[in-house]
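Structure, as structure tokens:
What follows draws every value from the coordinates through simple rules; no lab data is involved. Since the model is a prediction, treat every value here as computed from it, not as a measurement. Methodologically, a virtual Cβ is constructed for each residue, glycine included, from the backbone with ideal geometry; neighbour enumeration extends over all protein chains shown.
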Amino acid sequence: MTELELAQLIESYLEGRLDEKEIALLKEKAKADPGIAAEISLRKELEIAIAEEDVLKLESKLIEERKKGWANNNSSQQGAKAVPILLKYRALAAGLAVIIVCALVFFLKNQDPKDLYEAYYQPYPMYLTTRSVISPDEKLNQAIQAYEQENYEAAWSSFLNILVDDPDNMGIMFYTAMSALHIDRYPDAVAGLKKVANQGNSIYSNPAEWYLGLALFKSGDVRNARKVFENIVESKTDFSEDAKSILKSISTTK
Amino acid sequence: MEKKEKQNWLAILGSGNSAGIRLLYQEFLPSIVSLVTSNSGTEEEAMDVFQEAILVVYKKSKEGSFELSSSFFTYLYAVSKNIWLKRLTKKGKPTVTFSELPELMDVDDFNNIILEEERYRLFRSKFRNLSSNCQKLLSLFFNKTPMKEIVELMGFGSVQYAKKRKFQCKENLVKLVKDDPNFKDLM
């Protein structure tokens, strides 16, 4: 069998065009010849790697950003300087952050809960995308657009509409609850955020817990809000420092 | 009053949002550069490690069983550290003073995903060297788009021709991969 014939046979196998007899024959050949087994494995893995469009896209973005802002532009000296300078700025930024937090705590001492909520709350960015270029999801597009345009009433009803068909989608549930929070539908927001927060394996579970605390706090349920923030502090996630800070502020508010 | 920015790094990775990716570099790269350059590496190598670590974390996050129990940075740092350790061992450099793998992931699982990711990086980089038509055709094909739809989208005359073009494109890709000097080490 020539190389070309082998390639054609393997491709037919991967495309599911071989009958049982032919498959058995190919498997026998692969067993007897590790080279053929390796060839099948390589061609199969190539398909898997290229089918991961999101990984390809992410890697392209990483390469692009690296070229733009971080590559050394053919100058090793410039590259060598880039990071230490950044580190200096980071140290400065860290110092400034401490000052801002201290000022914030001082300022908040005389705030009521609503002001405190406003101080900590900020709209959550939109990270949902409609991936398929071939058949973009119009309903989801509408919901995303409404959320991005801060038309939360429309966003809430659009997301809710999608959620009916896809009730286990934690991303959709998260943004439905976030939209509800914006239009002061606290029971809806709390129920949705609670559900997402309890799904430990969702990428939205940590932010959902944080916003759940804020939603409870804004709705006047300070006792449960405090519990949620205490959990966040203990779990040491990206929101722990903020939770610690708001707990301090809660204890000093009127 | 200035409010603290909340970032969901895993969601940023999933969306490929440019501003988010930029922020990711600004926030975490300096620590990884410091880790690698203080352990016999260069900045260029550090950037490579960073990029690979990001992709490993992202791919792990897509697994149903994945739970980010600690902060994103802790996880990213642990992954970067171990990627760099593996590269140092490969280069035959003496083992540096890295602490053991944290309980974030199973060691075998981790080694497998690193090895797989190294192979996939090679595949993806060769894929980018193909013509844009070949890239589009293979993407559609590997994502199981029906042949009739592929013919329409690519403007081909027939299903037969689409199959022929797909075979040619894939053979080009296989050749590019096999011709890479690192190919044998990775397989």
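With the Cα gyration tensor of the range A:1-72 giving a ≥ b ≥ c as the square roots of its eigenvalues, does the rule (a/c under 1.5 for rounded; else a/b larger than b/c for prolate; else oblate) give rounded, prolate or oblate?
Prolate is the answer for the range A:1-72, as a/c is 1.5 or above and a/b outweighs b/c.
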- Task: Would you order A:ARG17, B:ARG128 from fewest to most other beta-carbon atoms within 10 Å of each residue's own beta-carbon?
- Result: A:ARG17, B:ARG128
- Extension length gain for A:VAL164 and A:ASN231 (0.36 nm per residue less Cα distance), in nm, is 21.1 nm
- Counting other beta carbons within 10 Å of each Cβ, put B:SER15, A:SER235 in order, fewest first. A:SER235, B:SER15
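To the nearest 0.05, how large is the calculated FRET efficiency for A:ASP33 and B:ASN39 if R₀ is 51 Å and r is the Cβ-Cβ distance?
So, using R0 = 51 Å, E works out to roughly 0.75.
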- Task: Kindly state, to the nearest 0.05, the FRET efficiency for B:MET187 paired with B:ASN133, given R0 = 41 Å and r defined as their beta-carbon distance.
- Result: 0.90
- Pop a pseudo-label 7 angstrom from the Cα along the beta-carbon direction at both B:THR89 and A:GLU53 and give the gap in nm to one decimal. 3.7
- Query: Quick one: Kirkwood hydrodynamic radius for the range A:159-235, alpha-carbon pairs, angstrom, one decimal?
  - Reply: 12.2
- Query: Taking neighbour counts of Cβ atoms within 10 Å as a proxy for exposure, in what order, fewest first, do A:MET1, B:MET147, A:MET178 appear?
  - Reply: A:MET1, B:MET147, A:MET178
- Calc'd 3J(HN,Hα), the range A:173-179, phi into Karplus 6.51 cos²θ - 1.76 cosθ + 1.60 (θ = phi - 60°), Hz, glycine/Pro = x, comes to 5, 4, 6, 5, 5, 5, 5
- Note on the structure: The extension gain from B:ASN112 to B:GLN160, computed as 0.36 nm times the residue separation minus the Cα-Cα distance, is 13.4 nm
- In the range B:25-65, what trypsin sites (Lys or Arg not before Pro) fall in a loop by DSSP, with at most 13 other Cβ atoms inside 10 Å? none
- Message: Could you give each residue of the range B:24-36 its phi-based ³J(HN,Hα) in whole Hz, using Karplus coefficients 6.51, -1.76, 1.60 with θ = phi - 60°, and x for Gly or Pro?
- Response: 4, 4, 4, 6, 10, 4, x, 5, 6, 4, 5, 4, 6
- Task: Report the calculated FRET efficiency for A:ARG17 and A:GLU64 (r = Cβ-Cβ distance, R0 = 45 Å), to the nearest 0.05.
- Result: 0.75
